[in-house]
Each structure stands twice: as C-alpha cells, then as structure tokens.
Amino acid sequence: MAKDAKPTADAKKPAATIEAAAEEVKKKKPFNVIKYFQEVRDEGRKVTWTSWKETRISTIMVLIMVAIMSAFFFLVDSILRVGVQAILNI
C-alpha cells in the first residue's frame, strides 16, 4: 500500500490506548453540574448505613484490638531493648 493512499474504514477503529480513549470521552461529554449533583444524591440514597448498635460494637472491637496490639508491641519492644542492652553492655 502506498504511503499517500487514503485512509480506509480501518482508520476509524476504537482508540488503542487508554489515554486516547479518555481523550475521546472528554471531547464527547460536556460537564453538567446539575446532573452531577443529581447523580451524587442518587448514589447517596443507595448507601446502606449501619445501625447505632453495630457502630458501637465495631468501635468497641477496634478499641479492644488496639489495646491488645499495643500490649503486644510493648512486650516485643521491651524484649528487644533488653536483648540489645545485653549485647551492647549499656
């Protein structure tokens, strides 16, 4: 095929890269503020919120795990400190 030949129907294939596809989308869809906030409101209505009881139980469980993990890391840190002091004779 010659270099100066006219492009065929193959030239109108979808964009090969993500960047090119993103550019096409940007060109096709103008931003509509009102539609954006309507969609945000609709998505907010789809959210399933936990009950207060579930929230309290989850919070208590997190606090208990934090206490357990802090005790664990304190113990490990203390053991490592004693070991390093014994090795370095501080």
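Quick rundown of the values:
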item	result
Any hit, the range 3-15, residues being β-branched (Val, Ile, Thr) and either surrounded by 10 or more Cβ atoms within 10 Å (Cβ to Cβ) or at pLDDT 75 or above (or both)	no
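One line per residue, one yes/no per condition, for (1) touching a strand residue (DSSP E or B) at 6+ places or on another chain (Cβ under 6 Å); (2) surrounded by 10 or more Cβ atoms within 10 Å (Cβ to Cβ); (3) at pLDDT 95 or above:
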position	(1), (2), (3)
Met1	no, no, no
Ala21	no, yes, no
Glu24	no, yes, no
Lys28	no, no, no
Phe31	no, no, no
Phe37	no, yes, no
Val47	no, no, no
Ile60	no, yes, yes
Ser70	no, yes, yes
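The values are calculated or read from the model by the stated rules, or taken from the named source; none is laboratory data. Bear in mind the structure is a predicted one, so any value in this text is a computation, not a measurement. In this analysis, Cβ positions are derived from the backbone assuming ideal geometry, glycine residues included, and neighbour counts consider all displayed protein chains.
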